[in-house]
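Just so it is clear, none of the values below were taken in a lab; they were calculated from the coordinates. Keep in mind that this is a model prediction, so the values were computed, not measured. For neighbour counting, all protein chains shown are included, and Cβ atoms are generated from backbone atoms with ideal geometry for every residue, glycine included.
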Amino acid sequence: MKIFTCIKQVPGISDVKIDPKTNTLIREGIPSIMNPMDKNAIELALSIKEERGAEIIAISMGPPQAENVLLEALSMGADKAYLLTDRAFAGADTLATSHALALGIKKILKDSDSNEKYMVICGTQAIDGDTAQVGPELAEDLDIPQITYVQKFELKGDDKVIAERAFRSEEIVVIETKLPVLISVLKEINTPRFPSMLGIVNAYKKKKVVFLDAEALKAEKAYIGLTGSKTEVFKIFIPERKGEHVKLTGTIEEMVKTLCQNLKEDKIF
Amino acid sequence: MDFSLTKKQQMIRKITREFSEEYIAHIAEESDQNSQLDPTVMKEMKRMKYFGTCIPEEYGGAGLHDDTISFCIITEEIGRIDASWSITTGVHCSVVAYPLYIFGTEEQKQEFLIPLAKGDKIGAFCITEANAGSDAGGVETNAYLDGDEWVINGSKIFATNGGIAETLLLVVKTGEKGRRKEFTVFIVDANTPGYSVGVREDKLGVRASNTSELVFQDMRVPKENDLGGIGKGFRIGLQILDYGRILMAAQCVGLGQAAIEASIKYANERVQFGQPIGKFQGIQWKIADMGVAVECSRLLTYQAAWMCDNKLDYGMIGSMAKLKASEAAMQATHDAVQIHGAYGLMKAYAVERYFRDAKMAEIYEGTSEIQRMVIAQKLLRRGY
Ligand SMILES: Cc1cc2nc3c(=O)[nH]c(=O)nc-3n(C[C@H](O)[C@H](O)[C@H](O)COP(=O)(O)OP(=O)(O)OC[C@H]3O[C@@H](n4cnc5c(N)ncnc54)[C@H](O)[C@@H]3O)c2cc1C
Ligand SMILES: Cc1cc2nc3c(=O)[nH]c(=O)nc-3n(C[C@H](O)[C@H](O)[C@H](O)COP(=O)(O)OP(=O)(O)OC[C@H]3O[C@@H](n4cnc5c(N)ncnc54)[C@H](O)[C@@H]3O)c2cc1C
């Protein structure tokens, strides 16, 4: 089977700042990293591969520098990697992003010319955009079932899928379906491995990232990039701080007393 | 000339840094205090091939035998977090596994190298004895041939990994022709009868690293276990140490780097006389000098590694790198403690450990005096 893992390059989270004048993310000088949950996606793919064999294909849409996160995916053990990159993809919202990814996956499936079963694994959400929309939209575009917020996953027999979905901790449901399927995983599902040194050496020596542009995907301009995006960004801003922090002092008893008083005064209880 | 690292080397640095910070940093102080290498870290480092760094994939390694710069980066990044770990992997790879790869026969590689490179077994290299420190020619542990076996008697001290090693390279006296002594390197399995581990040293620095005495009493080693030929031990031993020195230099670069990072952070945070101490020129000059010293050692270390990969004679530059890097690490960690004031003397601050770890490096793998002696001899003989 083929396992597609969708990998997004994101800015290292602790460093993200918004330019107060232009209301846009300041990206210069910020190191890029692989979206953390996408590592969980690869780890799941690797464990499936170790158990029953599979070809792991990492795919990303992004600028040419996103090659680095794909090389990291290859170092972890992905077999192949594709970067969908083109100026025409720029400015994509989640819909246009998932459309490009769907085109990529369809092309890879078509070119491989086999009737192998497949599945797609996404992270649940990206630490920058944070919408958790790309996975679901991608499943719609591919017209396959989807299970989001997956914290436990199992493949049984030929194509039986059993997944534990934890949308909220009080709402855990077990869902069964059949391949093909798209799942988006939570970080609780596993602990991603670090690539071994041999994994890195072989990624750079024996594997390579294949670049695909809009033409290669036969993408229509109306559905990709800025033109294909339905989202209109009204404003990006840092929420203003309301009220001040209050620091209580004194003995524990005194502090608890003041705290209770304050909470009562503020009608919190 | 191009000073940039390749993308692969950058990835190796990034991953090793992330790994060291996540797995080792939070227990480094504890490991130092109870002199123990953490088994979880050990297991993960084996999986990540840090015990087979400079060995080709076909012998179970990571395939960095032709990229000593990457090996340096790895050692540097581990050393930046905990020098006890970088000396453990550094010694295992550079002076045990690598010589087996370079000088070993195919049978020896199959039997001894593969388990070492996979991390299934730990290795130690033993030359130092009670009466043979800087003067390796004083080695008294000896072997005589009895039928198909060499019988070894004597003892070694200060062997890194000694107490945890299962495969050892021993430099042993195998003959004496007049005043000329002959030495041979033997590959020894620690399960051989007559082999025993003596005292485990309680040290100033790299405390979690195992440094032990080893004793051999009528230990019988198969005839075919010599590495690189009978009587070739001195030359091979020196060659092994030449290579190992580059990695010990790299470890010191990491220690120096750690000292600077801690100092910059502290100098910007600690306020005295109404301003961060980093605003005082007395502190600024220390920071500047640390930066210069560590950057010089990094350049020399990478140069030695680059020369090694390009099959150039790197002996003298390697000595220079080891000398400079260990003294730079000593200077930088010394200044780091000073910048931290009394806090720097406390176990709660890592600079206290860095300082102790750095001192070790001025002594092992050839003392600073011996490096100066070697460098001077080469310069005086060959010119510059
Ligand atoms: C309001 C808004 C406006 C935006 N405007 C712009 C803009 O003008 N220009 C611009 O460049 N970007 C813009 N973005 C960013 C961009 O639309 C999203 O970051 C991107 O579509 C992915 O969405 P996400 O980050 O929410 O991912 P999520 O849906 O949270 O990601 C879930 C998972 O989907 C997969 N995935 C997501 N993105 C990719 C990808 N690119 N490649 C492979 N897999 C992926 C990963 O597996 C990931 O873990 C905007 C985002 C938002 C929320
Ligand atoms: C942590 C640690 C790990 C070690 N690991 C190993 C290992 O794995 N394998 C191994 O075989 N050994 C190992 N050693 C031993 C180490 O290599 C020796 O301790 C070192 O070579 C110095 O020998 P010595 O201690 O006997 O000092 P000595 O040789 O007795 O030196 C004493 C002092 O005299 C100076 N001196 C000696 N000769 C001269 C000279 N000609 N000119 C000027 N000054 C001179 C020295 O520089 C030193 O300052 C290790 C040591 C330590 C501390």
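Would you kindly state how much longer the chain becomes between B:Asp146 and B:Lys43 on full extension, computed as 0.36 nm times their sequence separation minus their alpha carbon distance, in nm to one decimal?
33.1 nm
Using +1 at the C-beta of Lys and Arg and -1 at the C-beta of Asp and Glu, which of B:Leu299, B:Gln377, B:Gly254 has the Cα lying farthest in the positive direction of the dipole of the range B:235-382?
B:Gln377
Ranked from highest to lowest mean number of other Cβ atoms within 10 Å per residue, what is the order of the peptides B:165-173, A:242-250?
Going by the mean number of other Cβ atoms within 10 Å, highest first, we get B:165-173, A:242-250.
Using the Cα centre as the reference, give the magnitude of the dipole from point charges on the C-beta atoms of chain A (Lys, Arg: +1; Asp, Glu: -1; all else neutral), rounded to the nearest 20 debye.
Working: 36 positive and 40 negative charges, 77 e Å.
Taking the Cα centre of chain A as origin, the dipole is about 380 debye.
Determine Rg/Rh for the range A:160-203; Rg is computed over alpha-carbon atoms and Rh is the Kirkwood hydrodynamic estimate from the same atoms.
Taking Rh as the inverse mean 1/r over Cα pairs, Rg/Rh reads 1.16.
How many angstrom lie between the Cα centre of the range B:97-176 and the Cα centre of the range B:36-70?
20
In sequence order, what are the phi-derived ³J(HN,Hα) couplings for the range B:327-341 according to the Karplus relation 6.51 cos²θ - 1.76 cosθ + 1.60 with θ = phi - 60°, rounded to whole Hz, with x for glycine and proline?
6, 5, 5, 4, 4, 5, 6, 4, 5, 4, 4, 4, 5, 7, x
Could you give the C-alpha radius of gyration of chain B expressed as a fraction of 2.2 N^0.38 Å, taking N as the number of residues it contains?
For chain B, the normalised Cα radius of gyration comes out at 0.99.
Within the range B:174-193, what residues put their amide N at less than 16 Å from the label point 7 Å along the Cα-to-Cβ vector of B:Asp120?
B:189-191
Report, to two decimal places, the Cα Rg of the range B:7-122 normalised by 2.2 N^0.38 Å (N = number of residues). Working shown, then result.
Values: Rg = 13.8 Å, N = 116, 2.2 N^0.38 = 13.4 Å.
Normalised by 2.2 N^0.38 Å, the Cα Rg of the range B:7-122 equals 1.03.
Take each of the peptides A:38-49, A:155-166, average the number of other beta-carbon atoms within 10 Å over its residues, and list them starting from the highest.
Details: A:38-49: 23.3, A:155-166: 15.0.
Per-residue mean Cβ counts within 10 Å order the peptides as A:38-49, A:155-166.
Residue-wise, which Karplus ³J(HN,Hα) couplings in Hz belong to the range B:251-265, taking 6.51 cos²θ - 1.76 cosθ + 1.60, θ = phi - 60°, and x for glycine or proline?
Going residue by residue, I get 4, 5, 4, x, 5, x, 4, 4, 5, 5, 4, 4, 5, 4, 4 Hz, with x marking Gly and Pro.
With r defined as the distance between the Cβ atoms of A:Glu244 and A:Glu140 and R0 fixed at 51 Å, what FRET efficiency is calculated, to the nearest 0.05? Don't jump to the answer; show the numbers that get you there.
Values: r = 46 Å, r/R0 = 0.90.
Computed FRET efficiency for A:Glu244 and A:Glu140 comes out at 0.65.
What's the average, rounded to a whole number, of partner chain beta-carbon atoms within 10 Å of each residue's beta-carbon in B:5-18?
Mean number of neighbouring Cβ atoms from other chains: 4.
Place +1 on the Cβ of every Lys and Arg and -1 on the Cβ of every Asp and Glu in the protein assembly as shown, take the dipole about the Cα centre, and give the residue among A:Ile108, A:Ala54, A:Ile162 whose Cα lies farthest towards its positive end.
Result: A:Ile108.
Determine the percent antiparallel among the DSSP beta bridges restricted to the range B:98-194, to the nearest 5.
Of all bridge pairs located within the range B:98-194, approximately 75 percent are antiparallel.
In nanometres, what is the gap between the two model label sites at B:Gln377 and B:Val292, each 7 Å from Cα along Cα-to-Cβ?
Label-label distance for B:Gln377 and B:Val292, simple model: 3.2 nm.
Over chain A, what is the percentage of antiparallel beta bridges among all DSSP beta bridges, to the nearest 5?
Within chain A, antiparallel bridges account for around 40 percent of the total.
Given A:Lys117/B:Lys8; A:Lys247/B:Lys265; A:Lys49/B:Lys46; A:Lys106/A:Lys178; A:Lys187/A:Lys267, which pairs have Cα atoms separated by over 29 Å?
Among A:Lys117/B:Lys8; A:Lys247/B:Lys265; A:Lys49/B:Lys46; A:Lys106/A:Lys178; A:Lys187/A:Lys267, the Cα-Cα distance tops 29 Å for A:Lys117/B:Lys8; A:Lys187/A:Lys267.
Against the globular-protein guess of 2.2 N^0.38 Å, express the Cα radius of gyration of the range A:2-223 as a ratio, rounded to two decimals. Kindly include the intermediate steps, with their values, before the conclusion.
Values: Rg = 16.9 Å, N = 222, 2.2 N^0.38 = 17.1 Å.
Cα-based Rg divided by the globular estimate yields 0.98.
Once amide H atoms are built 1.01 Å from N in the peptide plane, which residues 5 or more positions from B:Phe158, or in another chain, come under 5 Å H to H?
B:Ser212, B:Glu213
Mind giving me the FRET efficiency for B:Asn131 and A:Glu154? R0 is 51 Å, r the Cβ-Cβ distance, nearest 0.05 is fine. Please report the intermediate quantities before stating the final value.
Numbers: r = 64 Å, r/R0 = 1.26.
For B:Asn131 and A:Glu154, the calculated efficiency is 0.20.
R0 = 56 Å: FRET efficiency of B:Leu238 with B:Lys265, Cβ-based, nearest 0.05? Each step should come with its number before you reach the end.
Details: r = 41 Å, r/R0 = 0.74.
After rounding to 0.05, the efficiency reads 0.85.
Put +1 on the Cβ of each Lys and Arg and -1 on the Cβ of each Asp and Glu in the protein assembly as shown; which of B:Ser212, A:His245, A:Gln151 then has its Cα farthest toward the positive end of the dipole?
A:His245
Two decimals is fine: what is log10 I(q)/I(0) at q = 0.23, 0.29 Å⁻¹ for the range B:15-70, from a Debye sum with one equal scatterer on every Cα and no solvent?
-0.91, -1.09
With +1 on each Lys and Arg Cβ and -1 on each Asp and Glu Cβ, and nothing else charged, work out how big the dipole of the protein assembly as shown is about its Cα centre, in Debye to the nearest 20.
That gives the protein assembly as shown a dipole magnitude of about 1180 debye.
Of B:Met219, B:Met307, B:Met1, how do they rank once you tally other Cβ atoms within 10 Å and put the fewest first? Mind showing how you got there, number by number?
Details: B:Met219 24, B:Met307 18, B:Met1 2.
Sorted ascending by nearby Cβ count, the order is B:Met1, B:Met307, B:Met219.
Rounded, prolate or oblate for the protein assembly as shown? Axes are the square roots of the Cα gyration tensor eigenvalues, ordered a ≥ b ≥ c, and the cut-off for rounded is a/c under 1.5.
Cα axes put the protein assembly as shown in the prolate bin.
What is the order of A:Asp266, B:Asp82, fewest Cβ neighbours within 10 Å to most? Could you put the intermediate results ahead of the total?
Values: A:Asp266 9, B:Asp82 32.
Ranking A:Asp266, B:Asp82 by Cβ neighbours within 10 Å, fewest first, gives A:Asp266, B:Asp82.
Could you check what % of the DSSP bridge pairs in the protein assembly as shown are antiparallel, to the nearest 5?
60
What is the mean number of Cβ atoms from other protein chains located within 10 Å of the Cβ atom of each residue in peptide B:49-60, rounded to a whole number? Intermediate values should be presented prior to the final figure.
Numbers: counts 7, 2, 1, 3, 3, 1, 1, 2, 4, 0, 0, 1.
Partner Cβ neighbours, averaged per residue: 2.
Counting other beta carbons within 10 Å of each residue's own, what order do B:Leu255, B:Leu379, B:Leu64, B:Leu37 fall into, fewest first?
In order of increasing Cβ crowding within 10 Å: B:Leu379, B:Leu37, B:Leu64, B:Leu255.
Show me the ranking of peptides B:210-217, B:2-9 by mean Cβ neighbours inside 10 Å, starting with the highest.
Those peptides, ordered most packed to least, come out B:210-217, B:2-9.
How big is the charge dipole of the range B:219-314 about its Cα centre, in debye rounded to the nearest 20, if each Lys and Arg gets +1 on its Cβ and each Asp and Glu gets -1 on its Cβ?
The calculation lands at about 180 debye.
At A:Lys264 and A:Lys17, where each label point lies 7 Å from the Cα along Cα→Cβ, what is the point-to-point distance in nanometres?
Label at A:Lys264, label at A:Lys17, 4.5 nm between them.
Tell me what the protein assembly as shown gives for mean residue ellipticity at 222 nm when only DSSP H runs of n ≥ 4 count, each as -39,500 (n - 2.57), the sum divided by the residue total, rounded to 500 deg cm²/dmol.
-13000 deg cm²/dmol
Is the range B:151-250 rounded, prolate or oblate when judged by the Cα gyration tensor, a ≥ b ≥ c being the square roots of its eigenvalues, rounded requiring a/c under 1.5 and prolate requiring a/b larger than b/c? Don't skip to the answer; put the middle values down first.
Details: a/c = 1.92, a/b = 1.25, b/c = 1.53.
Oblate, since a/c reaches 1.5 and b/c is not below a/b.
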